[in-house]
């Protein structure tokens, strides 16, 4: 299917799906959280995460700091230190993460916090339709947790080169990181 420009010339095909984009910061934050969830209880370094994904350590430093401020990650300094999930992966909702990390989710300039002047705002249906789409996007994310993203943790661990931590279970037996994820232990 094609749009036609004035004069009948075909425009670009309509086969590409338009995308709602998250910032790179939020993308990297979600990746870091996934890495930590796959890793299990063991600490991870920023260099480790950066190497696994092939992304900048400098940018990940900022991401880790922000994840610490928002309560998703705890950091331990010194030998044997590193990054850990601050709470179980099953308690970290994706919608919550995106709402806290995205600067404004303004799809168009007339959305807050920009609230740019537009002469048709009082009668415009576009703003309402786009707000409905934004709410549907966030509602879809609200149905998922970090644990949902890493259900295939062994495969993810292999792809990322993650050595998964083992923990002593509540009954004294060693369990897998996968069991810990489901039980809320990290």
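Among the residues of segment 65-81, is any under 14 Å from the mean Cα position of the chain (by Cα) and in a helix (DSSP H, G or I)? Yes, there is a match, as at least one residue in segment 65-81 is under 14 Å from the mean Cα position of the chain (by Cα) and in a helix (DSSP H, G or I). Taken together, the criteria place residue 163 among residues that are surrounded by fewer than 16 Cβ atoms within 10 Å (Cβ to Cβ) and in a loop (DSSP other than H, G, I, E, B). Scanning segment 49-61 for residues that are surrounded by 17 or more Cβ atoms within 10 Å (Cβ to Cβ) and in contact (Cβ under 8 Å) with a residue 24 or more places away in the chain yields 49, 52, 55, 60.
Taking segment 141-154, which residues are within 20 Å of residue 72 (Cβ to Cβ) and assigned to a helix (DSSP H, G or I)? Of everything in segment 141-154, those that are within 20 Å of residue 72 (Cβ to Cβ) and assigned to a helix (DSSP H, G or I) turn out to be 141, 142, 146, 147, 148, 149, 153.
Residue by residue, here is whether (1) under 23 Å from residue 28 (Cβ atoms); (2) exposed (fewer than 14 other Cβ atoms within 10 Å of the Cβ); (3) out of contact with any helix residue (DSSP H, G or I) (no Cβ under 8 Å at 6 or more places or on another chain) holds:
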{"residue": "63", "(1), (2), (3)": "yes, no, no"}
{"residue": "85", "(1), (2), (3)": "yes, no, no"}
{"residue": "106", "(1), (2), (3)": "yes, no, yes"}
{"residue": "131", "(1), (2), (3)": "no, no, yes"}
{"residue": "142", "(1), (2), (3)": "yes, no, no"}
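All of the numbers you see were taken from the coordinates with simple rules; none came from a lab. Everything quoted here is computed from the prediction, not taken from an experiment. Note: ideal-geometry Cβ built from the backbone for every residue, glycine included; neighbour counts use all protein chains shown.
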